[in-house]
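Structure first, then comments.
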Amino acid sequence: MTAQTPTMKGADQPLRGIALICLAVLLFASHDALSKYLSGFYAIVMVVWARYVVHTLLMLVVFVPRTGLSAIVRTRRPLLQLARALCLIGTSLLFTTGLRYIPLAEATAVNFLAPLLVTALSVPLLGERVTRGQWLAVTAGFIGVLIVIRPGGALFTPAILLPLGSAFCFGCYQLLTRKLSATDSPTTSNFLTGIFNSLIMTALVPFFWTLPSFTHGLFMVGLGTCGMLGHLLLTSAFKHAAPAMLAPFSYGQILFAGMFGYLIFDHAPDIYGVVGISIICLSGLAVAWVQRRR
């Protein structure tokens with residue numbers, strides 16, 4: 001799971017916004033660490049099912065009593081909402097499968113190609129204008145990925161296609177989110193995504209079901225809770241500070257992923273990984289900076 005910039009105007013409490021986004025990306029990194037751990041014991045379908053079911057149940061508890069079910073599910077573009085949900089479930093399945101084979105920090109960094117892919121795809125799909133500086137940043141980001149996976153290195157296996165595919169799906173998800181923001185609220189979009197994906201995964205999970213232990217059951221609840229709370233905190237952060245100010249802090253997720261990778265899975269990126277991850281982060285920041293100036 002990767003931090004996504006909501007389409008919101010910032011307010012005038014930047015320190016609170018920074019604190020909220022730092023906590024949000026910590027929760028997202030915790031979500032990914034739990035996904036990686038649980039995928040070593042259970043089928044990927046079961047792990048992803050737990051993530052969406054808990055997410056949806058929490059949204060039912062938090063939002064429905066305040067807004068009513070009919071208000072929260074009302075959408076003017078149901079097919080686009082379904083497409084958005086399918087993009088996110090593709091992201092979840094590919095990324096979680098990739099975590100079985102790719103270290104946490106490197107997989108997270110590759111998934112952060114999504115904002116760069118959004119920039120590239122916004123030209124043919126949304127008709128937006130991309131500057132030369134943004135194209136240079138996108139190119140640099142892909143170079144960063146090549147350094148991380150470096151042909152001939154330990155990560156240069158077919159498994160690297162999984163986080164790359166996840167980044168592509170997440171980029172499409174962000175584009176659809178941007179398109180839907182003109183007609184549907186973030187709460188509606190997130191709830192419908194949870195409902196659609198919970199139904200899809202519930203139809204599949206009986207074929208992969210293994211009864212989890214009590215501890216692993218708690219981890220699965222924690223998995224969905226981290227994802228849900230992360231999205232709530234992220235949305236709240238962008239109510240308190242401008243997106244351009246908060247964008248650099250979203251890359252803290254890679255640092256937290258590296259920390260969890262070392263503490264839980266005994267893996268630390270090598271020098272090539274550090275250089276490649278740094279280039280990916282700088283490329284994403286450059287795109288955000290150019291957009292801010294425009």
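The values are calculated or read from the model by the stated rules, or taken from the named source; none is laboratory data. Everything numeric here is computed off the predicted structure, so don't read it as measured data. FYI the Cβ positions are ideal-geometry reconstructions off the backbone, even for glycines, and counts take in every protein chain you see.
Right, Ala120: touching a helix residue (DSSP H, G or I) at 6+ places or on another chain (Cβ under 7 Å), surrounded by fewer than 21 Cβ atoms within 10 Å (Cβ to Cβ), modelled with pLDDT under 95 and in a helix (DSSP H, G or I) or not? Yes, satisfied. Scanning the stretch 38-73 for residues that are of a type in the set (Ser, Thr, Tyr), assigned to a helix (DSSP H, G or I) and touching a helix residue (DSSP H, G or I) at 6+ places or on another chain (Cβ under 7 Å) turns up Tyr52, Thr56. Quick check on my filter: what residues within the stretch 181-207 are at pLDDT below 95, β-branched (Val, Ile, Thr) and either over 18 Å from Arg74 (Cα atoms) or surrounded by 21 or more Cβ atoms within 10 Å (Cβ to Cβ) (or both)? Listed by number, the list holds a single entry, Thr193.
Considering (1) touching a residue at least 60 places away in the same chain (Cβ under 8 Å); (2) at positive phi, the lone condition that Leu116 does not fulfil carries the number (2). Residues in the stretch 261-274 include none that are within 22 Å of Gly194 (Cβ to Cβ) and either among the hydrophobic types (A, V, I, L, M, F, W, C) or touching a helix residue (DSSP H, G or I) at 6+ places or on another chain (Cβ under 9 Å) (or both).
Listed here are the residues, each with its yes/no results for (1) small (Gly, Ala, Ser); (2) out of contact with any Leu (no Cβ under 9 Å at 6 or more places or on another chain); (3) at pLDDT below 85.
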site: Ala105; (1), (2), (3): yes, no, no
site: Gly127; (1), (2), (3): yes, yes, yes
site: Thr131; (1), (2), (3): no, yes, yes
site: Gly144; (1), (2), (3): yes, no, no
site: Gly153; (1), (2), (3): yes, yes, yes
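The set of residues in the stretch 100-117 being part of a helix (DSSP H, G or I), aliphatic (A, V, I, L, M) and out of contact with any Lys or Arg (no Cβ under 8 Å at 6 or more places or on another chain) consists of Ala105, Ala107, Ala109, Val110, Ala114, Leu116, Leu117. Consider the stretch 74-87 and keep the residues that are aliphatic (A, V, I, L, M) and touching a helix residue (DSSP H, G or I) at 6+ places or on another chain (Cβ under 9 Å). The one that is surrounded by the fewest Cβ atoms within 10 Å (Cβ to Cβ) is Leu82. Annotation note: of Ile264, Ile271, Ile254, the sole residue that is within 29 Å of Gly153 (Cα to Cα), of a type in the set (A, V, I, L, M), touching a residue at least 60 places away in the same chain (Cβ under 8 Å) and surrounded by fewer than 16 Cβ atoms within 10 Å (Cβ to Cβ) is Ile264. With the condition kept exactly as written, say whether any residue in the stretch 152-169 is within 30 Å of Tyr262 (Cα to Cα) and touching a Cys at 6+ places or on another chain (Cβ under 6 Å). Checked the stretch 152-169: at least one residue is within 30 Å of Tyr262 (Cα to Cα) and touching a Cys at 6+ places or on another chain (Cβ under 6 Å).
Applying the set (1) more than 21 Å from the chain's Cα centre (by Cα); (2) more than 24 Å from Leu176 (Cα to Cα) to Arg74 leaves exactly one unmet item: (2).
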